[in-house]
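Here's the structure we're looking at; comments come further down.
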Amino acid sequence: MMQKFPIAIVGAGFGGLQAAQSLAHCGKEILLIDRVNYHTFVPLLYQVATAQLEPEQIVYPVRTILRRSRRCHFLMAEVEKIDLSARIITTDRIEINYDFLVLATGSKSQYLGVPGAKEYAFSVNSLPDAVALRDRLLECLEAASIEADPLRREQLLTFVIIGGGATGTEVSGALVELFRSRIRHEYPTLNLHHVKLILVQSGDRLLSELSPKLGIYTQKYLHKLGVDIRFSTQVARITTEAVYLHDRQIIPTKTAIWTAGVEATMPELSEDWSRGQKNKLRVRPTLQSIEYDNVYAIGDVAYIDRDGKGSSGVAPEALQQGVTVARNITSQLQNRQTQPFRYFNKGRLAIIGCRSGVGDIQGWTFTGLLAWLIWLGVHLVYLPGFRNRLLVLLTWLQTYLGNDRVVRSILPLQPRTDFQHKSILKQKLPVGATGNNADFS
């Protein structure tokens, strides 16, 4: 079955949602497509992974976000292929014919060719990833609590974080908070002071996207918290039992956490598209495809060459790109000239954990409690949904004032049967099943 929409947006992340909302008054019907029916607040994924927040607290239904925009429609489907010349999107449910296309499909872990990394390392790029890592952390505690072999217990209580960027430092600090919380009283047979947190970084400092001063502060603070930081160290391979380093060191562990970078993820395209760093699609300064005036790419999937450097890949940039794309599509509809994207950098913040963070706002660098509080405030404001903001605030108060974490469940609680597991959304809609003017609103 084929449906026609003047504007199609693939991906309901920060950029895709912003583009849809900004286009709501352009006078055309808009279709937003995503494989899940919720928007994930990615900056807080690591707090789900480290048993601080419930998964439902950082997601929000896409339809709820769009319900006031009557020209915005939503389709939950997996995009399988896009024919750019024919202007057809093929999904696992229906086909969409479009006039304008916005690609905002986000990113996935970049494993850099390390054997075993994709198969055996945990990442923090999606909600299922975060829940899987949380389950592994809690499973390791449960297994270690009854393990008689000291070497086996040491392996269960060793956690290796690979990558010293913002996510790697956030995860490291959050794990320190977890094992210092009241959870230690729930495992009387364990001494959680014996937990080993090892942060492996291929470069010579942490937080390379920020100033060296902030990277040095982060290094000293994590070291003070007991994190073993290993610079200029590369991973050779990962197995179910250990992380092997290039210097021939072997770290026995059941939990390797991969935070060493991401690359663009996208469906199959009918034509070759010039790629930049991290497999991103090269676009014009206006965010348009080099070949097609009616196709745009934004967020983690877009590469704009700025003095040999690509886009920063942060949420504020994706939001601003969504606004620019909406303006440019509106201009094209009105036969006006498109304008180049100009990113206004409001600054960067990173949280280390244990009431400390770092920040750089318009050249003003600051560290410690102030940066930590600003980080919490900014993310609380941008988190969608009043209920989510309230629950996250209450959870943070319990966590930071009471030194307690209530998220203890290991999921799934019960395996599903084959029939229950098979989603009806994976079934192709027969031609004419809903008529030729199906409404996805």
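The values are calculated or read from the model by the stated rules, or taken from the named source; none is laboratory data. It should be emphasised that the depicted structure is a prediction, and the values quoted were computed from it without experimental measurement. As a convention, Cβ positions derive from the backbone with ideal geometry for all residues, glycine included, and neighbour counts pool all protein chains shown.
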Any pair with Cβ under 8 angstrom, 6 or more apart, that starts in segment 22-42 at a residue that is under 12 Å from Ala8 (Cβ atoms) and surrounded by fewer than 24 Cβ atoms within 10 Å (Cβ to Cβ) and ends at one that is of a type in the set (Gly, Ala, Ser) and modelled with pLDDT of 95 or more: Leu31/Ala8
Of the criteria (1) of a type in the set (S, T, N, Q); (2) part of a loop (DSSP other than H, G, I, E, B); (3) over 23 Å from the mean Cα position of the chain (by Cα), which one Thr105 fails: (3)
Gln362 being under 26 Å from Arg87 (Cα atoms), of a type outside the set (Ser, Thr, Tyr), surrounded by fewer than 19 Cβ atoms within 10 Å (Cβ to Cβ) and free of Cβ contacts under 8 Å to residues at least 40 places away in the same chain: no
For Leu137: the one exception among (1) under 26 Å from Gly11 (Cα atoms); (2) touching a strand residue (DSSP E or B) at 6+ places or on another chain (Cβ under 8 Å): (1)
Segment 95-126: number of residues that are over 30 Å from Gln201 (Cα atoms) and crowded, with 20+ Cβ neighbours inside 10 Å: 6
Given (1) part of a strand (DSSP E or B); (2) in contact with a helix residue (DSSP H, G or I) (Cβ under 6 Å, 6 or more places away or on another chain); (3) not aromatic (Phe, Trp, Tyr), number of the condition His73 does not satisfy: (2)
Segment 365-384 - residue that is aromatic (Phe, Trp, Tyr) and buried (at least 17 other Cβ atoms within 10 Å of the Cβ) and, of those, farthest from Ile58 (Cα to Cα): Trp372
Test for Thr365: is it outside any loop (DSSP other than H, G, I, E, B) and closer than 19 Å to Gly165 by Cα: yes
Any hit, segment 299-307, residues being assigned to a strand (DSSP E or B) and among the β-branched types (Val, Ile, Thr): no
Test: residue in segment 324-335 that is assigned to a loop (DSSP other than H, G, I, E, B), assigned by TED's automatic domain parsing to the domain that holds Trp273 and touching a residue at least 24 places away in the same chain (Cβ under 8 Å): no
Val235 vs. criteria over 28 Å from Val301 (Cα atoms), in contact with a helix residue (DSSP H, G or I) (Cβ under 9 Å, 6 or more places away or on another chain) and modelled with pLDDT of 95 or more: no
Residue satisfying all of: in segment 258-278; outside any loop (DSSP other than H, G, I, E, B) and touching a residue at least 40 places away in the same chain (Cβ under 8 Å); nearest to Ala104 (Cα to Cα) among these: Ala264
Index of the failed condition, Tyr292 passing every other in (1) in the same structural domain as Val195 (by TED's automatic domain parsing); (2) touching a residue at least 40 places away in the same chain (Cβ under 8 Å); (3) surrounded by fewer than 21 Cβ atoms within 10 Å (Cβ to Cβ): (1)
